[in-house]
1. Over the stretch 144-218, with every protein chain in place, what whole percent of the accessible area is carbon and sulfur at 1.4 Å, could you tell me?
2. For VAL801, what accessible area in Å² do you get when you roll a 1.4 Å probe over the heavy atoms of the protein chains, rounding to the nearest 10?
3. So what is the accessible area of the stretch 429-554 per residue, in Å², with the probe set to 1.4 Å?
4. Arrange the residues ARG671, ARG544 by how much accessible surface each exposes, largest first, with a 1.4 angstrom probe.
5. With labels modelled as points extended 7 Å from the Cα through the Cβ direction, what inter-label distance (nm, one decimal) is found for THR244 paired with LEU407?
6. Going highest first, how would you order 413-426, 191-204 by mean Cβ packing within 10 Å?
7. Carbon-plus-sulfur fraction of the accessible area of the stretch 613-688, 1.4 Å probe, in percent?
8. Return the whole-Å distance between the Cα centroid of the stretch 549-612 and the Cα centroid of the stretch 618-639.
Amino acid sequence: MRLSRIAHLYRVRLKARIVLVQELFALAGIAVGVALLFASQVASASLNGSVHQLTSELVGNMQFQLDAREEGGFDQRLLGEVQRLPGVSAALPVLETSANAIGPAGQRAVDLIGTDPRFALQGSPLLRHFSYAQLDHLKALALPSPIAQEIGVGSLHPVELQVGARDVTALVGTELNAAAIGTLVHSPVAIAPLAYAQKLTGMQGRITRVFVQAAPGHDREVRAGLVGLAAGTLNVEPANFDDTLFRIAAAPANQGESLFSGISALVGFMFAINAMLLTLHLRRNLIRSLRASGATRWGTIEALLFDALVLGGLAALVGLALGDLLSVAVFRSNPGYLSFAFPLGSQRIVTWQSIAIAAGAGLLAACIGVLMPLREVWSQNAAAAMSHTHHQIRGRWTAGVLVGGLLCLAATTIILLAAPQSAVLGSVTLVVALLLLLPLLLDLIIAIVARLHGRLETASTRIAIAELRSPKTRTRSIAIAATGAIAVFGSVAIQGAHANLQRGLDRLVYQLSVTTDVWVVPPGAQSLLATAPFKDTAAATLERLPGVQSVGLYRAGFLNYGDRRVWVLAPPPTARGPIPPSQLVTGDLPLALARLREGGWAVLSQGLATQNHLHIGERFTLPSPHPTSFRVAALMTNLGWPPGAIILDSGDYVRAWGSGDPSAYNIILRRGVSPQQGRSEVQRALGASSALVVQTAAQRDGLQRAASRQGLSRLTQIATLVLIATILAMSIAMGTMILQRRPRLASMKVQGYERAVLWRALLFESALLLGAGCSIGAAFGIYGQVLISHALATVTGFPVVFSAGAMSAISSFALVSAVAVAIVALPGYRAAGVPPYA
């Protein structure tokens with residue numbers, strides 16, 4: 001058939017109100033799946049893109065960097081030696097450190113970048129709008145406009161900066177808008193001339209990096225010269241190495257989000273398929289009409305594909321628009337815990353791959369749904385095919401289907417036990433098992449209810465059970481039950497796994513916090529990991545306080561170990577349980593503690609040990625500012641820091657870093673002194689002029705729990721979005737069912753059934769159908785929760801508490817069922833009032 005003829009037939013069909021409404025229901029179902037997939041992909045792309053953009057814009061044409069291994073940087077005089085190396089075209093210094101910018105309206109963590117004015121002449125896109133003279137003489141900060149507005153400052157306004165334990169006042173010289181720096185306007189940076197940044201941080205004569213550009217053909221020569229100058233105490237890396245470090249750091253978070261997003265997309269895809277199942281009778285009517293009119297098989301297929309193209313195309317457009325809205329309103333926040341070591345921006349990056357994947361999934365769902373009746377196209381006699389449809393449907397669920405469902409369950413179990421990182425594949429096999437076994441389980445539940453209701457049989461229950469057993473409504477019943485089952489499955493599996501991960505992190509932060517009674521840390525978000533060192537000027541004073549038993553010097557920092565920026569922490573000897581007991585993966589806890597106190601031993605996260613092929617007892621060299629050899633005492637989780645963590649003895653840390661500066665005071669109180677009393681006493685001793693913050697163990701535990709929840713914000717949002725999509729899908733399914741039932745209800749009115757009887761029959765049928773589907777989905781969802789929890793532990797290295805959340809299953813079952821029945825109640829009552837007609 002000609003395309004114009006196919007399009008004409010499609011327009012004619014849509015003039016029927018019932019056809020148009022049902023097509024819109026199917027379109028909405030597909031759009032929900034597309035939106036879910038698109039929004040989650042944009043979130044993942046934006047996370048990686050923010051650091052990549054800042055790194056590339058700052059680096060410009062530079063090829064190498066000489067990077068400090070500690071917060072204090074290195075002597076600026078080394079810059080001259082770098083510039084004198086043969087083959088060096090340009091060598092420019094940078095001072096980079098974390099800071100907290102405070103204004104009248106709030107505060108924001110920023111990456112303070114002190115740079116040489118020559119960067120503006122060497123092709124650094126971030127600085128190209130500054131003139132050399134501006135950077136050379138400016139004694140003020142440049143802040144991106146969104147950050148300046150967030151904290152309530154403008155040009156020529158003062159801003160308070162907290163750097164480590166220092167609290168200084170700086171001047172905002174200019175605001176950087178989007179016209180000046182493009183999408184980097186969303187990056188959390190504060191730019192200042194190098195000399196001014198050194199003054200603000202108290203690091204006069206110190207820098208943290210030197211970016212180097214080699215003359216053409218001199219790359220190897222320049223790198224060799226830099227390695228010689230580094231002398232094993234500085235890092236020589238590509239200029240854009242921060243981008244690599246962040247990709248490794250964000251990989252577990254991205255994998256966790258991809259796992260959740262993939263399963264969410266699978267749920268959305270099944271919603272779309274089920275929405276198409278509810279319009280299956282429309283395609284059968286179309287096939288019967290076309291075949292009766294003399295259309296060829298291929299002509300009929302062309303008409304069906306036109307349906308799929310129009311429906312899938314429109315649904316993809318609606319889904320992309322909805323997904324774009326979701327990515328702004330729901331997925332906007334970043335996992336902030338990574339900002340402790342990397343400058344995370346809030347850019348939203350949309351790639352063509354994200355659009356293509358989401359739109360392609362929508363078109364695929366439409367094609368599968370539209371082409372389901374293909375077997376009738378190939379039948380020699382379409383009318384005969386339609387007359388035997390009921391027998392074919394009943395014959396579809398044979399022993400082979402049962403075997404297929406059980407095989408899929410077996411495949412899921414094998415993945416759980418042998419390859420939990422393949423949880424998306426395991427979820428696919430689990431969903432396939434659910435769909436294959438659903439009709440058999442549904443028939444079993446209906447048979448049990450029919451046998452049990454016995455003496456309580458009424459006209460409404462009799463009608464409901466008869467409708468559920470009718471071959472004419474078989475496809476519709478399975479589609480609605482499958483929608484409820486998939487909805488509850490996705491909700492239980494994702495929310496349960498998310499809860500398991502959150503419980504694991506909560507237990508971790510509690511064990512890290514209660515190692516002491518009172519914490520004294522620098523201000524700002526970076527204090528949550530206590531990685532900002534400061535000069536020890538108060539320990540002796542605090543030890544003399546009446547309520548203080550001891551003061552321990554806690555030390556921690558970030559260190560580049562290979563391609564990972566790891567968290568190294570060294571609790572003081574006074575710490576209670578320096579190794580969190582629940583985090584030990586391999587090794588003996590008492591032996592590991594004894595070895596750690598002995599010195600020369602370290603506890604490594606399992607992922608870090610695996611990457612470096614290390615086992616318990618083996619020796620390795622830590623690339624600290626003063627490289628030091630250690631032996632592996634035990635293996636643990638990554639302590640919630642994705643790249644990995646290392647626990648050292650406090651004395652070993654001092655030797656490896658060559659500095660005794662603490663990053664926190666750990667205060668043990670005397671017996672009978674409450675944490676609140678101790679906190680007040682310590683606060684008074686420090687005085688109002690001190691920038692240090694005093695926290696009880698409970699307060700620190702609360703702050704770290706909040707940070708971990710913010711770090712899991714994407715997973716929380718995805719789990720919430722699945723629940724919202726569940727309610728939308730059920731609304732679509734139940735609305736379609738009520739619309740399809742109107743002709744049947746009208747014919748039953750002719751037989752004398754009253755409105756109230758038909759309404760109760762609708763409610764009972766819906767409750768039984770959804771109760772059966774949702775209970776089956778809840779059972780499979782618990783299995784999915786166990787699968788996803790093991791996958792999260794494997795791919796992220798995070799601590800996870802393994803449990804099967806029965807309460808999560810019950811609550812999701814109750815919520816979805818209640819919402820669906822509520823949706824049926826009022827429209828069902830109106831539908832039951834349809835005028836009688838044959």
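The values are calculated or read from the model by the stated rules, or taken from the named source; none is laboratory data. Keep in mind that what you see is a predicted model, and the values were worked out from it rather than measured. Positions of Cβ are generated from backbone atoms using ideal geometry, with glycine treated the same way; all protein chains shown enter the neighbour counts. Each accessible area value is taken on the protein alone, full model and side chains, heavy atoms only, with ligands, DNA and RNA left out. Shrake-Rupley method; radii C 1.70, N 1.55, O 1.52, S 1.80 Å.
1. Summing carbon and sulfur atoms, their accessible area is 54 percent of the total for the stretch 144-218.
2. Taking all protein chains as shown, VAL801 has close to 40 Å².
3. That works out to 36 Å² per residue.
4. Values: ARG671 240, ARG544 175 Å².
So, going from the largest accessible area down, we get ARG671, ARG544.
5. A separation of 4.6 nm, rounded to one decimal place.
6. 191-204, 413-426
7. 48
8. When both Cα centres are located, 9 Å separates them.
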